[in-house]
Every structure is written in C-alpha cells, then in structure tokens.
Amino acid sequence: MTTNCGIVIDGTTLKTIGGVLTLDTNDTVTNIKNHPICGGLQYDGDAFKVVGKVLTLKSDIKTSITDYKTCSCSMLVDDDYFSITNGVLSCGTFDAIITFDVTPSDATITVTNGDLEEVVANDDGTYTVSCNEEYSYSVSKTGYVTQSGTINTDKNKTITVTLVADEG
C-alpha cells in the first residue's frame, strides 16, 4: 500500500508512478492532472477524469455524479468505481452488460471468456462481462451459417447479428 496526499492506496487495483495516481495496469503516466479539491493529489488524465469535483474513470460518460465517497483528504470519488475500506482507496472491477440483437430470435448464443469458460446469460438474456477483457461469442441455428466474433469493451454494448441461411 502507498500513500498519496494522505490517501492510502491499495496497491492492487491502484498505484502511484512518480507520485501520480493511476490504475495498476499502467506502466507510465504522461497526462498528469491535479484534483480540484485535493490540490496535492495528481492523477493520470488518461485513466481518470473529474466530473464536477468527483474523480471517476475517463471512459465513464456521466455528466454529473451524485453517488460518491469522500477520501481522508476530502477528495470525492465515484461510488460506481471506487471503494474505501478501513481508510484504503481501491478501484473495483468493472462490468459491462452485453445485449445481443439476433435474427432469427431463437438462435443459440454462446459467450466464452479467455479461459474458454462459458458465460451464463442473465435472466433477461444479457451477458455480464468484465470490462477490458476479451470474450468470444458465437451465434448459431440449424440451417444457418454460424457467426462469431470477439467482445472487448469498457461500456455496455449491443451486438447485432443476422444469420444467413445455409445454402449448402
């Protein structure tokens, strides 16, 4: 664990590079920003952004944030992505909802993760996947040509697939 501007950072999902807060997956920081409330906190502008006065992920599309937490230095962090446990700031895992718009509608959809394990559909027929991880999908039905592809997203997404009749 490291400390930045009085904030204890978990060191597993977040880290600092040269005193700049970033995601644990990053090796360098080139876009350094200062947080408007906690002026001593610098953050990676390629990983995070500030909406109002709340730190969130750069990929988030919200224009205002009403659910947030306050760190020890009065910095505000988006409740959707960050957690504070026993004073330690961490960044959660992020999920996206994948919806398939398939023709014919009774085709079989299979989604697998990188370990080739099948992802079970939610009750509403959507699939929950971890953001920025690669998944594969296939859509099939007897009498049609199977279509497949990959999913790697950082937000909810609809994938449209129209199967073509098998002429063979």
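In the stretch 141-154, how many residues are within 19 Å of the chain's Cα centre (by Cα) and part of a strand (DSSP E or B)?
So the count comes out to 2.
Could you tell me whether any residue of the stretch 112-127 is closer than 30 Å to ALA47 by Cα and out of contact with any strand residue (DSSP E or B) (no Cβ under 9 Å at 6 or more places or on another chain)?
Yes, the stretch 112-127 contains a residue that is closer than 30 Å to ALA47 by Cα and out of contact with any strand residue (DSSP E or B) (no Cβ under 9 Å at 6 or more places or on another chain).
Among the residues of the stretch 32-70, how many are part of a strand (DSSP E or B) and closer than 17 Å to THR13 by Cβ?
Residues meeting the conditions: 7.
Restricting the search to the stretch 96-128, which residues are hydrophobic (A, V, I, L, M, F, W, C), touching a Lys or Arg at 6+ places or on another chain (Cβ under 9 Å) and within 26 Å of TYR81 (Cα to Cα)?
Those that are hydrophobic (A, V, I, L, M, F, W, C), touching a Lys or Arg at 6+ places or on another chain (Cβ under 9 Å) and within 26 Å of TYR81 (Cα to Cα): ALA96, ILE97, ILE98.
Take GLY87 and decide whether it is modelled with pLDDT under 95, under 30 Å from ILE37 (Cβ atoms), of a type in the set (Gly, Ala, Ser) and loosely packed, with under 12 Cβ neighbours inside 10 Å.
Yes, satisfied.
Okay, residues lined up against (1) assigned to a strand (DSSP E or B); (2) under 24 Å from THR25 (Cα atoms); (3) of a type in the set (Lys, Arg):
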residue	(1), (2), (3)
ILE84	yes, yes, no
SER90	yes, yes, no
THR99	yes, no, no
SER105	no, no, no
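Can you find a residue that is within 20 Å of the chain's Cα centre (by Cα) and either outside any strand (DSSP E or B) or at positive phi (or both) anywhere in the stretch 133-140?
Within the stretch 133-140, one or more residues are within 20 Å of the chain's Cα centre (by Cα) and either outside any strand (DSSP E or B) or at positive phi (or both).
Considering (1) surrounded by fewer than 11 Cβ atoms within 10 Å (Cβ to Cβ); (2) in a loop (DSSP other than H, G, I, E, B); (3) not assigned by TED's automatic domain parsing to the domain that holds ILE37, say which one ASN122 fails and leave the rest.
(1)
I'd like the full set of residues that are surrounded by 11 or more Cβ atoms within 10 Å (Cβ to Cβ), modelled with pLDDT of 75 or more and not acidic (Asp, Glu), limited to the stretch 61-80.
Result: ILE65, TYR68, LYS69, THR70, LEU76, VAL77.
The values are calculated or read from the model by the stated rules, or taken from the named source; none is laboratory data. Remember, it's a predicted structure, so these values are computed and weren't measured experimentally. Heads up, the Cβs are rebuilt from the backbone with ideal geometry, glycines too, and the neighbour counts pull from every protein chain shown.
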